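A short write-up of the structure that comes next.
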Amino acid sequence: MRRKAIATVALSGTLADKLEAAALVGFDSVEIMEADLLSFDGTPSDLRSMAEDLGIGLDLYQPFRDFEAMPEPQRARNLGRAERKFDIMQELGAELVLVCSNTQPAAIDDDQRAAADLREMAERAAKRGLRVGFEALSWGTHIRLWKHAWRIVEMADHPSLGLIVDSFHTLALQDDPADLATLPGERIFFVQLADAPRRDMDVLSWSRHFRNFPGQGELDVRGFLRAVLASGYAGPLSLEVFNDHFRSAPSRMIARDGLRSLILAEADATGVGLVAPAVVDGVEFLEFAVDPAAREALAAWLRQLGFVLAGRHRTKDVELYRQGPINFVLNSEQDSAASEHFQHHGPSVCAMALRVDDPARAVARARTLLIPDWRERTGAGEAQIPAVRSPDGTLIYLVGREQDFWAADFELFDAAGGGDLRRVDHLAFALPAWQLDTHVLFWRSLFGLSAQPVLDLPDPFGLIQSRAMVNESGSLRLIFNVSEAQNTVTNRFVSAFAGAGVQHIALETGDLAESLEAAETAGAPTLMIPPNYYEDVAARFPLGDVLLTRMEELGILYDAAGDGEFLHAYTENFQNRFFFEIVERRGGYAGFGAANAAIRMAGQARRYVPSR
């Protein structure tokens, strides 16, 4: 495994906080950003001593801006400025400086002049035992592409001058990284990695606010890194990420995300270092943290949806409600993980179990990715089910394909449920805005889920950003919702829940109308939809008056894509915490009815009752 580094700009806090966070999670080194050093309450020597005490290296000092190809007298002043920065680097013990391509309008468009300037800088650096790395900024005045920067490095022809490449600057301009593989690896002095969501905006603003870690965005960082490593490059892999949310989030959590992303990126590019993700067959059960009162209220809801009490735990205050293969566990056990979760969050999903092909392999992969595993207290004869903890604290149990633990742990009842609910179709999480990238990386790295593009969904009180993640077979579908607006349904949930968590649970049925009729007869609190919605559906889809009338009576929403159709309906909120959705998929429809999200959220806003 290669040396792993992170730029201090990616983390929040003081420079001391940043170094400590990077060291504690396991980074080998950091890039020192000049702005962080300027605000540091100490000398460069003090910072060097601090880093040595923490056991973390200072690999790079950056950025040195607007150097090459400037007219006199600015050229002479730039060389003097370089000498002063070399003084600082020697105090720091950082032997490499990053020089980014000039962004000044006065820069001369002359590659020979740029090469001569960089050669002079490299010669002066070499006399001090230092090196210079040249990087093409994607918004440079004349030099924007890595090939252009490399051409200038070749022209300068100095052993202390090399190329620095950055995945964002390359991929943001849709520059092809493939030819990086043809470079001599020893002439690449440093490699910086950053991902980003696709944005239609100027590259400078995109770079300064929306970069994220590899695996969190939509750029081909894996292809970039494969090309770099094919050159024979053996130096550090580093993260240079400018992100507004990262710089306000807990530094240790972001640092851990960063190191996890580098472990994943290197494994993706090389094919070694990580065991394969576990194959997920589906959700085996959801576990709700409840107290006795909330348990009775939730049980009543579940019975109205056709679930029945199917068992009680042999040693714990836990009940099992079941319909077909769907299992809901209501946990009221004192002094348990569920009890602790309830104290912090109220009635909520505290755990889920995924049925996988190899739980041990999943745990091994999690440990390599710095994901903590968990073992719940178990009694004699009870099944041992390994688990890992997700970023929001939800436990994820890993059940083997052939593992039958229900009879061992529960006294099961011979009870038949009503309805035709077949499986957990998808789960939606409400998150604080700064946690979206963390969850995307977690689920991609551990289970290999693919992230779909971010959608903007209009809530009556603001905008919600929604990103879905699915595995290849569609057996695990997750949605993550965030919002900057305080009163959206997403942020009301985050406030009521005191943090992130499962906000809605979608259950698949073979006949939505039949399932809803049964739920309505049982008194289930379903969310009704305004008549205007059905006028619009009638205009957009050839459904027929009889079907439309029945849909309106039952509160059914409709969407279609290609040859597929999607019918779905919602319950009202349970104690302002979460709600259920019942869905029917036809003809291979793979989406989530996002076109109807605004209708659902408007209905929930009308029914919202503030907690007392």
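The values are calculated or read from the model by the stated rules, or taken from the named source; none is laboratory data. Note that this is a predicted model, so its numbers are computed, not measured. Virtual Cβ from ideal backbone geometry, glycine too; neighbours counted across all protein chains shown.
Observations, loosely collected:
- Total residues in the stretch 331-341, condition hydrophobic (A, V, I, L, M, F, W, C) and surrounded by fewer than 23 Cβ atoms within 10 Å (Cβ to Cβ): 1
- Filtered by the rule that a residue be at pLDDT 95 or above and either touching a Gly at 6+ places or on another chain (Cβ under 6 Å) or not assigned by TED's automatic domain parsing to the domain that holds residue 505 (or both), the stretch 446-491 gives a lone residue, 475.
- Qualifying residue in the stretch 158-168 (condition: within 16 Å of residue 204 (Cα to Cα) and not small (Gly, Ala, Ser)): yes
- For the stretch 98-118, taking the residues that are β-branched (Val, Ile, Thr) and farther than 8 Å from residue 141 by Cβ, the one that is surrounded by the most Cβ atoms within 10 Å (Cβ to Cβ) is identified as 99.
- Residue match in the stretch 387-409 (condition: of a type in the set (Phe, Trp, Tyr), at pLDDT 95 or above, buried (at least 17 other Cβ atoms within 10 Å of the Cβ) and closer than 25 Å to residue 339 by Cβ): yes
- The stretch 113-146: number of residues that are out of contact with any helix residue (DSSP H, G or I) (no Cβ under 7 Å at 6 or more places or on another chain) and among the polar types (S, T, N, Q): 1
- Residue check, residue 173 surrounded by fewer than 18 Cβ atoms within 10 Å (Cβ to Cβ) and either under 25 Å from the mean Cα position of the chain (by Cα) or basic (Lys, Arg) (or both): yes
- Among the residues making up the stretch 402-439, those that are part of a loop (DSSP other than H, G, I, E, B), over 19 Å from residue 322 (Cα atoms) and touching a residue at least 60 places away in the same chain (Cβ under 8 Å) are 431, 432.
- Residue match in the stretch 66-74 (condition: surrounded by 17 or more Cβ atoms within 10 Å (Cβ to Cβ) and in contact with a strand residue (DSSP E or B) (Cβ under 7 Å, 6 or more places away or on another chain)): yes
- Options 165, 153; residue that is of a type outside the set (Asp, Glu), under 23 Å from residue 85 (Cα atoms), buried (at least 24 other Cβ atoms within 10 Å of the Cβ) and touching a residue at least 40 places away in the same chain (Cβ under 8 Å): 165
- Qualifying positions in the stretch 517-526 - buried (at least 20 other Cβ atoms within 10 Å of the Cβ) and either in contact with a Phe, Trp or Tyr (Cβ under 9 Å, 6 or more places away or on another chain) or at pLDDT 95 or above (or both): 524, 526
- Answer residue from the stretch 40-68, given it is more than 35 Å from the chain's Cα centre (by Cα) and not in a helix (DSSP H, G or I) and is farthest from residue 7 (Cα to Cα) among those: 68
- Pair list, Cβ under 7 Å, 6 or more apart: the stretch 342-355 residue touching a residue at least 40 places away in the same chain (Cβ under 8 Å) and closer than 14 Å to residue 500 by Cβ, other residue among the basic types (Lys, Arg) and not in a strand (DSSP E or B): 346/577; 348/577
- Single match in 59, 28 (criterion: farther than 25 Å from residue 122 by Cβ and surrounded by 20 or more Cβ atoms within 10 Å (Cβ to Cβ)): 28
- The single residue among 416, 428, 351 that is at pLDDT 95 or above, over 24 Å from residue 336 (Cα atoms) and not acidic (Asp, Glu) turns out to be 428.
- Filtered by the rule that a residue be in a helix (DSSP H, G or I) and crowded, with 16+ Cβ neighbours inside 10 Å, the stretch 342-367 gives 342, 345, 359, 361, 362, 363, 365, 366.
- Taking the numbered list (1) surrounded by 21 or more Cβ atoms within 10 Å (Cβ to Cβ); (2) touching a helix residue (DSSP H, G or I) at 6+ places or on another chain (Cβ under 6 Å) in turn, residue 383 passes all entries but (1).
- When each of 474, 499 is tested for being in a loop (DSSP other than H, G, I, E, B) and within 19 Å of residue 586 (Cα to Cα), the lone residue that passes is 474.
- Subset of the stretch 245-281 (residues that are part of a strand (DSSP E or B) and either under 21 Å from the mean Cα position of the chain (by Cα) or surrounded by 22 or more Cβ atoms within 10 Å (Cβ to Cβ) (or both)): 280
- Residue count for the stretch 542-574, restricted to those that are assigned to a loop (DSSP other than H, G, I, E, B) and at pLDDT 95 or above: 2
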